[in-house]
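These notes concern the structure reproduced below.
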Amino acid sequence: MLKKLLVANRGEIAVRIIRAARDLGIATVAVHSAADADSLHVQIADEAVNIGPPAAKKSYLNMAAILAAAEATGADAIHPGYGFLAENAEFADAVAAAGLIFVGPSGDAIRLMGDKVSARSAAHAAGVPVVPGSAGRVAGIEEARHILIDTGFPVMIKAAAGGGGRGIRIATNLTEFEQAFPQAEAEALAAFGDGGLYMEKVVGRARHIEVQVLGDGSDAIHLCERECSLQRRRQKVWEEAPSAALSESLRDRLCASAVALARAVGYSGAGTVEYLYDDEADQFYFIEMNTRIQVEHPVTEMITGVDLVAEGLRIAGGEPLRLKQRDITPRGHAIEVRINAEDPARDFAPFPGKVGDLRLPGGPGVRFDSMLYPGYQVPPFYDSLLAKLIVHAETREAAITRLTRALSELSIEGMKTTKPLFLALAADETVRAGAVHTRWLEGWLTENASRLGGAQG
Amino acid sequence: MAQILSPLPGTFYRAPSPDKPPYKADGDAVAVGDVIGLIEVMKSFHEVTSEVAGTNIRFSVDNEEPVMAGAPLADLD
């Protein structure tokens, strides 16, 4: 078992990880920027180290400062949380090179899944359905024309070295394609110093469904799926488990494919395999694997009763997987909504305010993961996530009713938050029917913006 | 002499992206409505437009430094 854990993160996830460590009797070290000296994760950890100025680049992304803090405090392990350095293979390697344990997969596994082409190849090799397209880099226009037989139109041409939506072109017919391909090649070479391209069918209307896995480096299990189709600007805002859209047989195939991939790459720790699910074609396609704990992990914890962060810490400490697949029996339905410091009435403008009176929801089936306390000044330097409200009930319908009840108990004075958005969504017929896809919320927001002028968070 | 104040709390940037030149070089003239920098608040970027005109801009906040709402960003003659 680990003895002293340094948590290389901030906000609600740092609080979450420190709690799991303390539950296991592991001592904790918080690190923080100068702007986070008063934050909750600093207050509840056994020790805290200031690792630099407010800018993330100079603190939470500063590998040398984090490793120095680990050495100074005698920590034997580092948990990266999500975001910041969580999927940085170089950091995982540096932690190992310093003789410390990185809580998560190896640097090599992070690298393999971090590169879009190698991740796709690994998925394909493990028998996981991938979006029809090139098996890897496309050798040239001749090969590209051949791949079009599988993909059809519209087709996406992506730079292998691109990311975050950069270096993507979409062609809707052959003429456009013949023009776009050489242009994309030249552009990729100029922008990324690498003209490598790959191609993918454009999947139209689809749901975002992902499978939670746990691995110990040799064996792996799944903890069912989550659906996260309600997204704004590609950011998930509402996540639930299980997905109401899957048949039993499809769910089995989907989850088995995630386990096959985790095993194939010798995955260690908690990870998530993400898919697009096309309802009409009843087909799912691998998108990517996230090699870390995810924001929405609590919905899985609520339906399975497994503490994913604690299991990750046990595995990092050298224990084999304690749970077998037969130990995982999901019960009921869970929903998580992200309470962000954003004003939905003003196009989700960020709102870095000071928390006044604070009333939190409670009672059966309600969980509130947060770093808030009365008097807390929310700093403007980091992301806007303030809290995750998670509810659990026997059915999806009961969970939505419970969500409305819990939201109505929540009051964060002094702040504008996304609470009015979730009250409106919970009352929406389409959401209640679960008839959504990844682009549904953007359209709904255009039509319903005027209804989101709620009172104080 | 006039001052340009930060409309928001966050991180101040003098250029639209790291590989682009700054909106205003030291000593430049500024017209009303000119963009003089960006403020990053919770990962979203907001242009800072000047409400005053003047010459010889002098920045009091360095690139990528934290600022509070209402804090002076630059002085003009």
Descending semi-axes in whole angstrom, ellipsoid equivalent of region B:2-76, from the Cα gyration tensor
18, 14, 10
Kindly put A:Met1, A:Met156, B:Met1 in sequence by how many other C-beta atoms sit within 10 Å of each C-beta, fewest to most.
B:Met1, A:Met1, A:Met156
Over region B:2-76, what is the mean sequence separation of C-alpha contacts under 8 Å (at least six apart), divided by residue count, expressed as relative contact order in percent?
45
Mind jotting down the three principal axis lengths of the protein assembly as shown based on Cα atoms? Whole angstrom, largest first.
72, 61, 54
Apply the Karplus parameterisation 6.51 cos²θ - 1.76 cosθ + 1.60, with θ equal to phi minus 60°, to every residue of region A:395-404 and state each ³J(HN,Hα) to the nearest whole Hz, in sequence, with x for glycine and proline.
10, 4, 4, 5, 5, 5, 4, 5, 4, 4
Per the Kirkwood formula over distinct C-alpha pairs, the hydrodynamic radius of region A:186-240 in angstrom is 14.9
Across region A:322-329, in residue order, what do the Karplus-derived ³J(HN,Hα) couplings come to in whole Hz, using 6.51 cos²θ - 1.76 cosθ + 1.60 with θ = phi - 60° and x for Gly and Pro?
7, 9, 9, 4, 5, 7, 9, 10
Quote the charge dipole size of region A:4-103 about the Cα centre in Debye, to the nearest 20; the model charges only the Cβ of Lys and Arg (+1) and of Asp and Glu (-1).
140
With a ≥ b ≥ c the root eigenvalues of the C-alpha gyration tensor of region A:1-78, is it rounded (a/c under 1.5), prolate (a/b larger than b/c) or oblate?
oblate
If packing is taken as the average number of other Cβ atoms within 10 Å across a peptide's residues, how do A:246-254, B:31-39 rank, most packed first?
B:31-39, A:246-254
Calculate one ³J(HN,Hα) per residue across region A:10-23 by plugging θ = phi - 60° into the Karplus curve 6.51 cos²θ - 1.76 cosθ + 1.60, and present them in order as whole Hz with x for glycine and proline.
9, x, 4, 6, 5, 4, 4, 5, 4, 4, 4, 5, 5, 4
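Could you please rank A:Phe153, A:Phe284, placing first whichever residue has the fewest other Cβ atoms within 10 Å of its Cβ?
Lowest count first: A:Phe153, A:Phe284.
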Hey, which of these cross-link pairs are over 21 Å Cα-Cα: A:Lys236/A:Lys324; A:Lys354/A:Lys388; B:Lys20/B:Lys43; A:Lys58/B:Lys43; A:Lys58/B:Lys24?
A:Lys236/A:Lys324; A:Lys58/B:Lys24
Arrange the following residues from fewest to most other Cβ atoms within 10 Å of their Cβ: A:Thr272, A:Thr430, A:Thr73.
A:Thr430, A:Thr73, A:Thr272
Taking every residue of A:374-382, the Cβ atoms of other protein chains inside 10 Å of its Cβ average out to 3
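Since every read-out is calculated from the coordinates, none of them should be taken as a lab result. Quick caveat, the model's predicted, so the values are computed rather than measured. We place every Cβ from the backbone using ideal geometry, glycine too, and count neighbours over all the protein chains shown.
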